[in-house]
1. Does any residue of the range 84-100 turn out to be under 19 Å from Val167 (Cβ atoms) and free of Cβ contacts under 8 Å to residues at least 40 places away in the same chain?
2. I need the full set of residues from the range 101-127 which are touching a strand residue (DSSP E or B) at 6+ places or on another chain (Cβ under 9 Å), over 21 Å from Arg139 (Cβ atoms), free of Cβ contacts under 8 Å to residues at least 60 places away in the same chain and not aliphatic (A, V, I, L, M), in order please.
3. Quick check on my filter: what residues within the range 94-130 are of a type in the set (Val, Ile, Thr) and touching a Gly at 6+ places or on another chain (Cβ under 7 Å)?
4. So for the range 39-62 (the condition being in a helix (DSSP H, G or I), free of Cβ contacts under 8 Å to residues at least 12 places away in the same chain and either in contact with a Gly (Cβ under 9 Å, 6 or more places away or on another chain) or among the basic types (Lys, Arg) (or both)), does at least one residue qualify?
5. For the range 53-78: of the residues being at pLDDT below 85 and surrounded by 16 or more Cβ atoms within 10 Å (Cβ to Cβ), which is farthest from Val164 (Cα to Cα)?
6. Being of a type in the set (D, E, K, R) and in contact with a helix residue (DSSP H, G or I) (Cβ under 7 Å, 6 or more places away or on another chain) is true for just one of Glu114, Glu133. Which residue is that?
Amino acid sequence: MTRLSDSANNSDTVDYNAARGAHKETLMKRILIPVDGSQPAVHAVQALLDARSYDPVERVELVTVQIPLKAGKIGRGLSQAEIDAYHEEEGRNALQAASELLTQAGVPFQTRIEVGAAAETIVRVADESGADEIYMGSRGLGSVSSWFLGSVATRVLHLTELPVTLVK
(Lines give C-alpha, C1' and ligand atoms only; values in the text may rest on other atoms or scores of the structure.)
Protein backbone atom coordinates (compact mmCIF):
# COMPACT_ATOMS: atom_id res chain seq x y z
CA MET A 1 0.00 0.00 0.00
CA THR A 2 1.30 3.42 -0.95
CA ARG A 3 -0.45 6.58 0.13
CA LEU A 4 0.95 9.76 -1.34
CA SER A 5 0.00 13.33 -0.55
CA ASP A 6 1.47 16.63 -1.62
CA SER A 7 1.73 19.62 0.72
CA ALA A 8 1.44 22.07 -2.17
CA ASN A 9 -1.76 20.86 -3.82
CA ASN A 10 -3.01 17.80 -1.92
CA SER A 11 -2.57 15.73 -5.07
CA ASP A 12 -2.43 11.98 -4.66
CA THR A 13 -0.45 11.39 -7.85
CA VAL A 14 3.00 12.55 -8.84
CA ASP A 15 4.75 11.82 -12.13
CA TYR A 16 8.24 11.14 -10.78
CA ASN A 17 9.59 9.99 -14.12
CA ALA A 18 8.63 13.27 -15.81
CA ALA A 19 10.27 15.24 -13.02
CA ARG A 20 13.34 13.01 -12.65
CA GLY A 21 16.42 14.76 -13.89
CA ALA A 22 14.76 18.17 -14.37
CA HIS A 23 15.99 19.29 -10.95
CA LYS A 24 19.52 18.09 -11.69
CA GLU A 25 20.07 21.24 -13.77
CA THR A 26 19.84 23.30 -10.58
CA LEU A 27 21.83 22.97 -7.37
CA MET A 28 18.71 22.21 -5.34
CA LYS A 29 18.27 18.74 -3.90
CA ARG A 30 15.41 16.33 -3.43
CA ILE A 31 15.62 14.83 0.02
CA LEU A 32 13.96 11.72 1.45
CA ILE A 33 13.37 11.63 5.20
CA PRO A 34 12.03 8.41 6.72
CA VAL A 35 10.03 9.19 9.87
CA ASP A 36 8.46 7.06 12.57
CA GLY A 37 7.34 9.67 15.08
CA SER A 38 10.52 9.39 17.16
CA GLN A 39 12.68 12.29 18.34
CA PRO A 40 15.63 11.25 16.13
CA ALA A 41 13.32 11.43 13.09
CA VAL A 42 12.22 14.94 14.10
CA HIS A 43 15.89 15.85 14.61
CA ALA A 44 16.60 14.71 11.03
CA VAL A 45 13.97 17.13 9.74
CA GLN A 46 15.41 19.92 11.88
CA ALA A 47 18.93 19.15 10.62
CA LEU A 48 17.70 19.46 7.05
CA LEU A 49 16.02 22.78 7.85
CA ASP A 50 19.25 24.03 9.46
CA ALA A 51 21.34 22.95 6.44
CA ARG A 52 19.20 24.46 3.70
CA SER A 53 20.85 27.89 3.98
CA TYR A 54 24.00 26.41 2.43
CA ASP A 55 22.51 23.30 0.81
CA PRO A 56 19.26 24.36 -0.95
CA VAL A 57 16.35 21.93 -1.02
CA GLU A 58 13.86 21.70 -3.88
CA ARG A 59 11.51 19.21 -2.27
CA VAL A 60 11.30 16.84 0.67
CA GLU A 61 9.62 13.48 0.69
CA LEU A 62 8.61 12.14 4.09
CA VAL A 63 8.03 8.42 4.22
CA THR A 64 6.85 6.27 7.06
CA VAL A 65 7.05 2.51 6.81
CA GLN A 66 4.55 0.48 8.79
CA ILE A 67 5.15 -3.09 9.91
CA PRO A 68 2.76 -5.32 7.95
CA LEU A 69 -0.19 -6.78 9.82
CA LYS A 70 -1.54 -9.85 8.10
CA ALA A 71 -5.08 -11.06 8.46
CA GLY A 72 -4.96 -14.39 10.28
CA LYS A 73 -1.86 -13.62 12.41
CA ILE A 74 -1.59 -10.45 14.46
CA GLY A 75 -4.58 -9.07 12.61
CA ARG A 76 -6.68 -12.14 13.41
CA GLY A 77 -10.35 -11.30 13.05
CA LEU A 78 -9.66 -8.04 11.22
CA SER A 79 -10.70 -7.40 7.65
CA GLN A 80 -8.18 -6.13 5.11
CA ALA A 81 -9.99 -2.77 5.19
CA GLU A 82 -9.49 -2.57 8.98
CA ILE A 83 -5.81 -3.46 8.62
CA ASP A 84 -5.39 -0.81 5.90
CA ALA A 85 -7.13 1.77 8.11
CA TYR A 86 -4.81 0.86 10.98
CA HIS A 87 -1.72 1.35 8.78
CA GLU A 88 -3.11 4.66 7.52
CA GLU A 89 -3.79 5.97 11.04
CA GLU A 90 -0.41 4.88 12.39
CA GLY A 91 1.27 6.39 9.33
CA ARG A 92 -0.47 9.75 9.77
CA ASN A 93 0.57 9.79 13.43
CA ALA A 94 4.20 9.06 12.51
CA LEU A 95 4.23 11.84 9.89
CA GLN A 96 2.57 14.52 12.02
CA ALA A 97 5.51 16.21 13.80
CA ALA A 98 7.78 16.20 10.74
CA SER A 99 4.98 17.54 8.52
CA GLU A 100 4.30 20.37 10.96
CA LEU A 101 7.98 21.41 11.00
CA LEU A 102 8.21 21.49 7.20
CA THR A 103 4.90 23.35 6.88
CA GLN A 104 6.02 26.00 9.40
CA ALA A 105 9.30 26.41 7.51
CA GLY A 106 7.52 26.74 4.16
CA VAL A 107 9.38 23.80 2.64
CA PRO A 108 7.42 21.92 -0.05
CA PHE A 109 7.01 18.26 0.80
CA GLN A 110 5.09 15.11 0.07
CA THR A 111 4.19 12.29 2.41
CA ARG A 112 4.02 8.58 1.81
CA ILE A 113 2.74 5.80 3.99
CA GLU A 114 4.23 2.45 3.04
CA VAL A 115 3.89 -1.04 4.48
CA GLY A 116 6.82 -3.44 4.38
CA ALA A 117 10.39 -4.03 5.48
CA ALA A 118 11.68 -0.64 6.64
CA ALA A 119 15.16 -0.37 5.10
CA GLU A 120 14.27 -1.96 1.79
CA THR A 121 11.17 0.21 1.47
CA ILE A 122 13.10 3.39 2.30
CA VAL A 123 15.67 2.65 -0.40
CA ARG A 124 12.96 1.78 -2.94
CA VAL A 125 11.07 5.01 -2.23
CA ALA A 126 14.30 7.03 -2.50
CA ASP A 127 14.85 5.53 -5.95
CA GLU A 128 11.24 5.98 -7.08
CA SER A 129 11.13 9.61 -5.96
CA GLY A 130 14.45 10.57 -7.55
CA ALA A 131 15.95 11.55 -4.19
CA ASP A 132 19.46 12.95 -4.15
CA GLU A 133 20.06 12.23 -0.48
CA ILE A 134 18.50 10.60 2.57
CA TYR A 135 18.36 12.30 5.97
CA MET A 136 17.38 10.01 8.80
CA GLY A 137 17.48 9.58 12.54
CA SER A 138 20.11 7.17 13.75
CA ARG A 139 17.64 5.51 16.10
CA GLY A 140 13.92 5.23 15.71
CA LEU A 141 11.03 3.37 17.20
CA GLY A 142 11.86 0.34 15.02
CA SER A 143 10.56 -3.15 15.54
CA VAL A 144 12.00 -5.82 17.79
CA SER A 145 13.30 -7.56 14.68
CA SER A 146 15.52 -4.58 13.84
CA TRP A 147 17.24 -5.04 17.21
CA PHE A 148 18.23 -8.55 16.19
CA LEU A 149 19.05 -7.80 12.57
CA GLY A 150 20.81 -4.44 13.01
CA SER A 151 19.37 -0.98 12.85
CA VAL A 152 17.30 0.27 9.96
CA ALA A 153 19.79 3.11 9.45
CA THR A 154 22.69 0.68 9.14
CA ARG A 155 20.74 -1.44 6.64
CA VAL A 156 19.84 1.63 4.56
CA LEU A 157 23.54 2.59 4.44
CA HIS A 158 24.33 -0.85 3.02
CA LEU A 159 21.48 -0.89 0.49
CA THR A 160 21.68 2.55 -1.09
CA GLU A 161 24.24 4.33 -3.22
CA LEU A 162 22.83 7.72 -2.19
CA PRO A 163 24.49 9.90 0.43
CA VAL A 164 22.86 9.33 3.84
CA THR A 165 23.00 11.89 6.63
CA LEU A 166 22.41 10.23 10.00
CA VAL A 167 21.20 12.50 12.79
CA LYS A 168 21.17 11.71 16.53
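The values are calculated or read from the model by the stated rules, or taken from the named source; none is laboratory data. Model, not experiment: these values are computed from the prediction. Heads up, the Cβs are rebuilt from the backbone with ideal geometry, glycines too, and the neighbour counts pull from every protein chain shown.
1. Yes - at least one qualifying residue is present in the range 84-100.
2. If the condition is that a residue be touching a strand residue (DSSP E or B) at 6+ places or on another chain (Cβ under 9 Å), over 21 Å from Arg139 (Cβ atoms), free of Cβ contacts under 8 Å to residues at least 60 places away in the same chain and not aliphatic (A, V, I, L, M), then Arg124 is the only one that fits.
3. Once the filter is applied, which keeps residues that are of a type in the set (Val, Ile, Thr) and touching a Gly at 6+ places or on another chain (Cβ under 7 Å), the range 94-130 yields only Ile113.
4. Scanning the range 39-62 turns up no residue that is in a helix (DSSP H, G or I), free of Cβ contacts under 8 Å to residues at least 12 places away in the same chain and either in contact with a Gly (Cβ under 9 Å, 6 or more places away or on another chain) or among the basic types (Lys, Arg) (or both).
5. Result: Leu78.
6. After ruling out the rest, the residue left standing is Glu114.
Okay, residues lined up against (1) at pLDDT 95 or above; (2) part of a helix (DSSP H, G or I); (3) surrounded by fewer than 16 Cβ atoms within 10 Å (Cβ to Cβ):
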| site | (1), (2), (3) |
| --- | --- |
| Glu88 | yes, yes, yes |
| Ala94 | yes, yes, no |
| Thr103 | yes, yes, yes |
| Arg112 | yes, no, no |
| Tyr135 | yes, no, no |
